[in-house]
Amino acid sequence: MELFEVINGTLLGDASIGVHLNKYYHYSLTSKSKEFLEWASKIFSSFGIPTYITLNNKITNVYSLGFYINARGISELMKLREKWYTKVNGKTIKIVPKDLELTPTTLLFWYLGDGSLVRRRNDNIHVPTIVLATNGFLKEDVEFLQKKLKEWGLNFYIVKNTSLTGFRKERITNYLLFSCVQDGTPFRFFKLIGLECPKEIANCVTGRKGKFHELHFFKDKWPTKEDWIKILSNVKEVGPILRRRRLELGLSQNQLARKVGIRRENIRDVELMKRCFSVKNFRKILKALNLNVEEILKAI
């Protein structure tokens with residue numbers, strides 16, 4: 001983990017760099033969880049960057065972690081404002097630097113700030129979708145991030161989101177990045193950033209979200225055991241693991257096929273990594289082979 005990997009990840013999300021008195025650059029990371037910012041503060045401290053935390057908004061309970069960039073004496077920090085901001089039609093906007101390196105650490109902090117795992121309620125079939133918010137970025141920047149994700153084998157598509165905001169209810173257009181779910185992208189994504197939420201912040205609150213206004217935590221951004229069953233059903237690399245377990249149990253493909261009620265050819269193709277099971281059939285296979293997701297994740 002490097003300092004600028006962390007900073008770049010937060011700037012893709014909720015962090016910003018402001019200008020104080022036209023000469024002092026100020027880094028700020030906002031969150032509804034003071035505990036999360038305290039965890040982030042320890043990370044910055046490990047790089048020799050002392051920070052302070054303040055309550056930004058008493059009504060919404062939003063906190064801010066900050067430090068003055070000028071006081072740190074690090075030349076690369078001084079360049080961040082120029083790299084991440086530009087003026088368009090006289091208005092200062094945040095942009096994505098074209099030399100941005102999207103590392104696993106950068107991806108983690110982007111996801112912690114502006115990512116979510118969207119599940120369908122009362123649904124046992126559909127794979128949950130990873131959503132990365134890119135609100136405020138130009139479409140060309142979002143397309144650039146899409147290409148950067150592709151370099152890691154992560155396939156995301158752009159969704160246009162138009163909404164009304166402000167006192168005058170002005171119409172604004174933002175973009176979101178939605179993961180593909182049938183090609184193993186969710187598994188590869190969490191394999192990069194970590195299969196589990198950092199334990200220090202797992203139970204930190206991220207706010208109330210969705211139309212049901214349910215309380216959410218950082219751990220909710222990571223898959224549950226049920227989510228992993230859906231996700232792994234679309235990972236071809238699982239095939240050899242299933243084959244190895246079948247042989248350990250002394251079962252032929254025909255015997256396993258009869259046991260779970262599916263065609264032998266389906267089992268053969270999955271074991272050869274030519275296709276994947278449906279979520280429904282994957283559950284049957286796991287039960288028949290007495291396998292759980294923890295064993296598969298460890299093996300894969």
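Quick rundown of the values:
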quantity	calculated
FRET efficiency, N135 to K225 (Cβ-Cβ, R0 30 Å, nearest 0.05)	0.45
Inter-site label distance for E196 and E143 at 7 Å from Cα along Cβ, in nm	4.2
Overall form of the chain per C-alpha gyration tensor (a/c, 1.5; a/b vs b/c)	prolate
Student exercise, the stretch 235-299 dipole from Lys, Arg, Asp, Glu Cβ charges, in Debye to nearest 20	260
Spin-label zone in the stretch 224-258 - amide nitrogen under 18 Å from a point set 7 Å from the Cα of S278 along the C-beta vector	229-235, 257-258
All Cα pairs of the stretch 147-289, percent lying beyond 17 Å	71
Extension reserve of the D183-T54 stretch, reckoned as 0.36 nm per residue once the Cα distance is removed	42.2 nm
³J(HN,Hα), Karplus 6.51/-1.76/1.60, whole Hz, each residue of the stretch 109-118, x for Gly, Pro	6, 5, 5, 4, x, 9, x, 7, 10, 8
Kirkwood hydrodynamic radius over Cα pairs of the stretch 33-120, then Stokes diffusion coefficient at 25 °C and 0.890 mPa s, in µm²/s	157
Kirkwood Rh (inverse of mean 1/r, distinct Cα pairs), the stretch 27-75, angstrom	11.2
Derived scalar couplings ³J(HN,Hα) [the stretch 134-151; Karplus, 6.51 cos²θ - 1.76 cosθ + 1.60; whole Hz; x for Gly, Pro]	10, 4, x, 7, 5, 4, 4, 5, 5, 5, 5, 5, 4, 5, 5, 5, 4, 4
Cα-only radius of gyration and Dmax that characterise the stretch 235-299, units Å	10.4, 28
Ranked packing of 25-37, 84-96, 238-250, most packed first, by mean Cβ within 10 Å	25-37, 238-250, 84-96
Residue-averaged 222 nm ellipticity for the chain, from DSSP H runs of 4+ at -39500 (n - 2.57), nearest 500	-11000 deg cm²/dmol
Rg/Rh for the stretch 104-224, where both radii come from Cα atoms and Rh is the Kirkwood radius	0.97
Within the chain: Cβ-based charge dipole about Cα centre, in debye rounded to nearest 20 (Lys, Arg +1; Asp, Glu -1)	1140
In the stretch 98-155, trypsin sites (Lys or Arg not before Pro) in a DSSP loop with at most 10 other beta-carbon atoms within 10 Å	K98, R121
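Every number in this text was worked out from the coordinates using simple rules, so none of it is lab data. Everything quoted here is computed from the prediction, not taken from an experiment. Please note: Cβ atoms are built from the backbone with ideal geometry, for glycine as well, and neighbour counts cover all protein chains shown.
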